[in-house]
Amino acid sequence: MGITKTEIYTDGQNKLASLLKVLGHPARIAILQYIISQKACICNDLVEELGLAQATISQHLKELKNLGIIKGAIEGKSVCYCIDEKVWKEIQSEFNAFFNQDVKVSQCC
């Protein structure tokens, strides 16, 4: 299969696809759910909480941070993460716009 020709799609289509790709891994969903459930920045060890290897968690955190969903700060030897509320609201808006489209079909195959 060839390389995806992202330039033939709109910015909105490319952005939504990127969001879905990053959120398309269950480990990333688990990380986000854990951070959200804490209702604060987390600095504790996600390895113990999620049962994944440190390298695996680090890679998933990197993907989430690159997209802007989470933000982090280094404090001593630990890194603290939290949800970027502004980006979270933007993502909600993107998904709402996509899923709230009228899909009424007069006839179907």
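Numbers for the structure displayed
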{"quantity": "As computed over the chain, the Cα convex hull volume per residue (Å³)", "calculated": "179 Å³"}
{"quantity": "Average accessible surface area per residue within segment 1-92, 1.4 Å rolling probe, Å²", "calculated": "69 Å²"}
{"quantity": "Using alpha-carbon coordinates, inclination of helix 54-67 to the longest axis of the chain, degrees", "calculated": "50 degrees"}
{"quantity": "Under 18 Å from the Lys65 label point (7 Å along Cα→beta-carbon), backbone N, segment 4-26", "calculated": "22-23"}
{"quantity": "Portion, in percent, of the accessible area of the chain that falls on carbon or sulfur, probe 1.4 Å", "calculated": "55 percent"}
{"quantity": "Cα-based helix-to-principal-axis angle, 11-23 vs the chain, degrees rounded to 10", "calculated": "50 degrees"}
{"quantity": "Low-density loop positions, chymotrypsin sites (Phe, Trp or Tyr not before Pro), the chain - DSSP coil, at most 14 other Cβ in 10 Å", "calculated": "Tyr9"}
{"quantity": "Estimated 222 nm signal from helices in the chain, with DSSP H stretches of n ≥ 4 weighted -39500 (n - 2.57), rounded to 500", "calculated": "-17000 deg cm²/dmol"}
{"quantity": "Set of lysines near Lys15 by C-alpha distance (under 17 Å), chain-local residues within fewer than 8 positions excluded", "calculated": "Lys5, Lys65, Lys86, Lys89"}
{"quantity": "Whole-number D in µm²/s for segment 27-91 (Stokes-Einstein; Kirkwood sum over Cα pairs; 25 °C, 0.890 mPa s)", "calculated": "207 µm²/s"}
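The values are calculated or read from the model by the stated rules, or taken from the named source; none is laboratory data. All values derive from a computational prediction rather than experimental measurement. Glycine also receives a Cβ, built like all others from the backbone with ideal geometry; neighbour counts cover every protein chain displayed. Remember, those area values only see protein heavy atoms, side chains included, never the ligands or the DNA or RNA. Shrake-Rupley method; radii C 1.70, N 1.55, O 1.52, S 1.80 Å.
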